[in-house]
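Each remark here refers to the structure printed beneath this line.
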Amino acid sequence: MAQATLAMLPELAFVGRSNAGKSTAINLLTERRRLAFASKTPGRTQMLNFFTVLDDAPVAQRKACAYLVDLPGYGFAKTDAMTRDRWDALVGGYLRSRRMLRGVVLVMDARRPCLPADEELLAWICGRDDLDRFRLHLLLTKIDQIGTAQRRAALALAEQRAEELPIATSVQLFSALDRSGVEELRDSAAQILES
């Protein structure tokens, strides 16, 4: 498999459990329907996928200014143990040591936020040595599938967890179905990439 050389540009990674909505969030954020492959089948993303973000210059003069990175999901994808271990090593190594990584959007299904697997991922992130310059954004997805009380409870749980972390962390609700939270995600992504 050929690997492209990446420019030294800031990166924002989207990570979370299988089928939490990472690829869908990237597609909505970039206003591209099939940029990142989204599937109802967990475990479709099996490698690090880098998507170039262009600046706001006139079309003929645009230049790459950042990367959005779609990481393989973790959790319940139906794969063999060796494949899951390889994914864990790939994701963990990237999150711990990637020099150009400015932040992470941790995508969690609002019906089940802050599960043990999410905590393992947070431990990888907290192992970085540049936490003073690093940002975390907790994106609670699929809020269209729960009621107002459940949304408030999920948001409160995530906000409480965010306060406990040694990283600058923001939290938001998000729905791909009705597009609620897209602008907030766009603003948060821009702030992370500009920091």
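The values are calculated or read from the model by the stated rules, or taken from the named source; none is laboratory data. Keep in mind that what you see is a predicted model, and the values were worked out from it rather than measured. Cβ: placed from backbone, ideal geometry, glycine included. Neighbour counts: every protein chain shown. When the accessible area is computed, the model is the full protein with side chains, heavy atoms only, and any ligands, DNA or RNA have been set aside. Shrake-Rupley method; radii C 1.70, N 1.55, O 1.52, S 1.80 Å.
Cβ-Cβ distances below 8 Å connect the following pairs, each with a first residue in segment 60-71 that is within 17 Å of L12 (Cα to Cα) and among the acidic types (D, E), a second residue that is modelled with pLDDT of 90 or more and not in a strand (DSSP E or B), and a separation of six or more residues or different chains: D70/K22; D70/I26. Within the set Q145, Q172, Q160, the sole residue that is of a type in the set (S, T, N, Q) and under 18 Å from A13 (Cα atoms) turns out to be Q172. Screening segment 118-136 for residues that are aliphatic (A, V, I, L, M) and open to solvent by less than 50 Å² (accessible area, probe 1.4 Å) and picking the one that is nearest to R98 (Cα to Cα) gives I125. Here is the figure for segment 71-117: residues that are in a loop (DSSP other than H, G, I, E, B), over 29 Å from Q145 (Cα atoms) and modelled with pLDDT under 90 total 1. Taking residues in segment 13-36 that are over 14 Å from F51 (Cα atoms) and assigned to a loop (DSSP other than H, G, I, E, B), and partners anywhere that are charged (D, E, K, R) and at pLDDT below 90, the pairs with Cβ atoms closer than 8 Å and at least 6 places apart or on different chains are N19/K40. For segment 137-181, a tally of residues being within 25 Å of N27 (Cα to Cα) and open to solvent by 60 Å² or more (accessible area, probe 1.4 Å) returns 5. Pairs meeting the criteria (first residue in segment 154-173 and farther than 15 Å from A123 by Cα, second residue polar (S, T, N, Q), beta carbons under 6 Å, at least 6 apart or on different chains) are S170/S188.
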